[in-house]
1. Using only Cα atoms, find the angle between the long axis of helix 162-171 and the longest principal axis of the chain, and express it within 0 to 90 degrees, rounded to the nearest 10.
2. Can you give the FRET efficiency for residue 243 and residue 8, using 1/(1 + (r/R0)^6), R0 = 35 Å, r = Cβ-Cβ distance, to the nearest 0.05?
3. Taking springs between alpha-carbon atoms closer than 10 angstrom, which of 234, 66, 25 fluctuates most in the Gaussian network model of the chain?
4. Within the set 75/244; 156/191; 85/191; 4/224; 66/156; 234/309, which residue pairs have Cα atoms separated by over 28 Å?
5. Return an integer: the convex hull volume of the alpha-carbon atoms of the range 1-73, in Å³ per residue.
6. When only C-alpha pairs under 8 Å and at least 6 residues apart count, what is the relative contact order of the range 27-183, in percent?
7. At 7 Å along the Cα-to-beta-carbon direction for both residue 128 and residue 232, put a label point, then send me their distance in nm to one decimal.
8. List the extent of the Cα atoms of the range 198-298 along each of their three principal axes, largest first, rounded to whole Å.
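Any read-out appearing in this document is the output of simple, stated calculations on the displayed coordinates, not a laboratory observation. Everything quoted here is computed from the prediction, not taken from an experiment. Here the Cβ is made from the backbone with ideal geometry for all residues, glycine too, and neighbour counts use every protein chain on show.
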Amino acid sequence: MPDKKLQLDIRIIKFQDLIGRKPDKPFGYYGLGVQYMLSGKPNMADKLFTQALNIKPGYMPAILGKLEVLLAEKKLVSAARLYQKNRDLFSGKKIYKTRVQRITGSLYSGKFFYYYLKSIRSVFVFNETIGALQRMFNADRGNPVVNLLLAMFFLKEHKENERAFILYNLCVNMEGVPDKLRWDLVKVLAKDNPDILIDEKTAALFTTIPEGAVGEPYANFILKQFILLKDTDKINQAFAEFQKNHSFPDPKTMWQYIEFCRENDIWDSTVFACCQKLIDYGWIDRTIAETIVGLKNRKIIEYTRGMDKILSLYGYI
């Protein structure tokens, strides 16, 4: 398989060719701009997004691209103003707003804030940036770029005042924000409102078990929501996190998972591992017994003599 750089180079050539064939269409310029963003060349990307907008004003993919450029270049206030200027366009489709929230929230991971603070020449400039964002927040609480940037700064500074909690509450249920950010928001909000730890809507927004949550009761609660939603991809990712941490969900959640797998004709080694773990805990019932028989019949497992003895002892086989 070609390496990432080669793949990028190939896509750049393809979009350059597209522009040559269709110079009056915005998509080629936008697509080439995306490739330059992926190549770490935001200035070149911005020029191409501008060209796309010159051809088709209001072209949303290019506006989103320019927002991403501004955030990458640490022009945070300008990014917030760009959203405000194009607010009606961003609000036109849910997917656009979700992408804005994903792009902005992605700054929380990695070393963005560390490098951002190092790049600021003085405390005055930093305070001016935060001050400008706070003034925008005072005027309008409906700008997700402003809300997320302030919430992320406040989290990094461990702020727990009234304004911080207002922002945390505005951001915790935003679609598209990364799991790490959502998890940190949940943890800080739980100090004042423990009920958030049993809020099904919030838990269902995670894409998997967030880093650091395995071992917490909340990890089981998240997995339960994935099971209720019958979201197989999220369930598989959640189990991968448990396995990565050499852990298992709690017994009740494992039983619910086994039941879900039986209903959806899923038979694999993870199902068997959960059955085995539950038997180790002393949890034995007909669902587990029938699941083990089903796994054996499908040749997912072969040697279960010890397990068979236990199930036989309790009259299940």
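1. Between helix and principal axis, roughly 70 degrees.
2. For R0 = 35 Å, the calculated efficiency reads 0.60.
3. Checking each option, the largest mean-square fluctuation is seen for 25.
4. Flagged as over cut-off: 75/244; 85/191; 4/224; 234/309.
5. 76
6. 20
7. Rounded to a tenth, the inter-label distance reads 5.6 nm.
8. Largest first, the range 198-298 extends 38, 24, 22 Å along its Cα principal axes.
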